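The values are calculated or read from the model by the stated rules, or taken from the named source; none is laboratory data. Bear in mind that the values here come from a model prediction, so they are computed numbers and not experimental data. Glycine gets a Cβ as well: all are built from the backbone with ideal geometry, and neighbour counts include every protein chain shown. The accessibility values were calculated without ligands, DNA or RNA, using every heavy atom of the protein model including side chains. Shrake-Rupley method; radii C 1.70, N 1.55, O 1.52, S 1.80 Å.
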Amino acid sequence: MRLAARHADSWLTYGPYDAQPSHAEWLGAVERQNRAFTDVLERTAPRRRVRRIVQVALDRTDLFASAHAYQRTCEALAAAEFDEISVHRPRRDGRGVPARRVDDVLAAHPRPAVATVRA
């Protein structure tokens with residue numbers, strides 16, 4: 001964490017490497033990891049801004065149970081001061097975002113409007 005605090009533009013956590021923590025345990029773990037990183041950053045490089053990213057494991061599907069479940073997860077991660085959530089694309093083996101939930105994930109992250117400049 002000290003290396004990331006001193007030199008990185010971003011820091012990524014995966015959460016616990018336990019077999020399959022519950023959704024609440026996973027959220028709690030990534031929140032604790034983020035607070036620990038904040039503590040290291042404040043001691044090491046207090047004025048630095050480091051982007052915070054959480055990576056969702058390939059086989060973690062509980063947060064995709066519904067559009068509402070995914071939105072609640074994103075809101076909890078934003079409240080924990082994460083900047084990004086990274087998910088895996090749907091895979092043939094069934095891991096990653098379930099194919100039926102891709103539209104829900106995309107809808108939760110609308111792209112900002114792009115201004116068109118005409119010459």
Residue that is most open to solvent (accessible area, probe 1.4 Å) [pool: residues in the stretch 76-106 that are farther than 20 Å from L12 by Cβ and part of a helix (DSSP H, G or I)]: R100
With V40, V30, V50 as the choices, which residue is within 18 Å of H88 (Cβ to Cβ) and of a type in the set (V, I, T)? V30
Within the stretch 57-79, which residues are in contact with a Leu (Cβ under 7 Å, 6 or more places away or on another chain) and hydrophobic (A, V, I, L, M, F, W, C)? A69, A76
Matching residues in the stretch 26-58 - criterion: being within 16 Å of Y70 (Cα to Cα), out of contact with any strand residue (DSSP E or B) (no Cβ under 7 Å at 6 or more places or on another chain) and open to solvent by 20 Å² or more (accessible area, probe 1.4 Å): L27, L58
Of the conditions (1) in contact with a strand residue (DSSP E or B) (Cβ under 9 Å, 6 or more places away or on another chain); (2) outside any helix (DSSP H, G or I); (3) on the phi < 0 side of the Ramachandran plot, A5 fails just one. Which one is it? (2)
List the number of the failed condition for E42; all other conditions in (1) without any contact (Cβ under 8 Å) to a residue 40 or more places away in the chain; (2) in a helix (DSSP H, G or I); (3) under 17 Å from the mean Cα position of the chain (by Cα) hold. (3)
Restricting to the stretch 5-25, and then to whatever is small (G, A, S) and either open to solvent by 20 Å² or more (accessible area, probe 1.4 Å) or without any contact (Cβ under 8 Å) to a residue 40 or more places away in the chain (or both), can you tell me which residue is farthest from R89 (Cα to Cα)? A8
